[in-house]
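Worksheet: one structure, shown below.
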Amino acid sequence: MAESKPVVINYSPAQKYWLIAAVIAVLFTVLVTGKFWGNEISAKELAAKAALEVQVAKLEAELAEQSAELSRFSLSSKVDAAALENSRQEMIGLQREIYSRDEELRLYRELLQDSKQPSGLSVGDINLVAMEDGRIRYRWVARQKTAKMKTLSVYAAMWVLGSQDGESVKLSIAELDEQIEQLPISLDFKYFSINQGILQLPEGFIPEQVQITLRYTWMDKIQSDQKFDWILEG
């Protein structure tokens with residue numbers, strides 16, 4: 001019968017320091033990579049914004065020139081008036097696009113800088129604004145924070161919780177927003193998705209909270225279930 005021999009592993013204090021140095025090197029590499037990735041995204045968004053601003057300035061100059069020409073010669077041609085209106089509408093569209101770019105850039109920066117944001121799916125920036133006709137304009141942002149950021153499909157659902165005639169009521173957004181036919185809503189995004197619409201609350205209904213759930217399309221389990229107090233702005 002062969003005699004078993006004990007295995008002796010030599011321990012050296014230097015091994016611990018080498019391990020610590022390796023961990024520090026990995027953390028530094030991740031930090032540098034994340035910073036470079038964030039700077040690259042911001043640079044692209046800023047470049048796109050600058051290009052849009054140049055287009056707006058050009059259109060403003062063209063609009064001013066056309067307005068001056070109409071004033072000098074008192075032109076009443078419908079063709080010229082239509083061209084002026086087209087330029088104005090185009091300028092308004094570009095200004096809205098610049099605003100949208102600014103909003104997206106802000107959300108990118110928050111996504112990169114917010115160390116407290118939970119991993120996976122979450123909801124942020126929910127806004128409720130009362131309109132003059134009694135309807136409610138809503139806006140909320142679905143966010144995704146994962147180790148490997150890539151475009152994924154997500155199911156979203158939204159309800160308004162409140163009371164009517166003294167009883168608790170839970171109404172889905174499909175019942176309140178005529179643009180939403182059914183739940184869940186399908187979203188495809190990499191970093192975030194801005195969702196908005198208009199709610200028409202039934203008469204006598206008293207809203208108290210908004211509930212929003214998010215889950216990946218290939219999973220049955222809900223990844224995010226958040227409730228927000230009903231607070232109107234404006």
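Charge tally around ILE180: other residues with Cβ under 15 Å, Lys/Arg +1 each, Asp/Glu -1 each, net -1. Here PHE28 and GLN164 are evaluated by their C-beta separation; at R0 = 45 Å the FRET efficiency comes out at 0.20. Residues ASP125, ASP188, ASP133, arranged from fewest to most other Cβ atoms within 10 angstrom of their Cβ, appear as ASP133, ASP188, ASP125. Restricting to bridges with both residues inside the range 120-233, how much of the DSSP beta-bridge set is antiparallel, in percent to the nearest 5? Around 95 percent of the beta bridges assigned by DSSP in the range 120-233 are antiparallel ones. Considering only lysines 8 or more places apart in sequence, or on different chains, count the pairs in the range 120-233 whose C-alpha atoms sit under 22 Å apart. Close lysine pairs under the 22 Å cut-off: 10. Computed from the C-beta positions of ILE194 and ALA68 and an R0 of 45 Å, the FRET efficiency is 0.70 to the nearest 0.05. Local charge for GLN223 was computed over the other residues whose Cβ lies under 12 Å away, with Lys and Arg +1 and Asp and Glu -1, and equals +2.
Read-outs throughout are calculated quantities, based only on the coordinates presented, and are distinct from any laboratory measurement. Being a predicted model, the structure only gives us computed values, none of them experimental. Don't worry about glycine lacking a Cβ; one is built from the backbone with ideal geometry, like all the others, and counts go over all protein chains shown.
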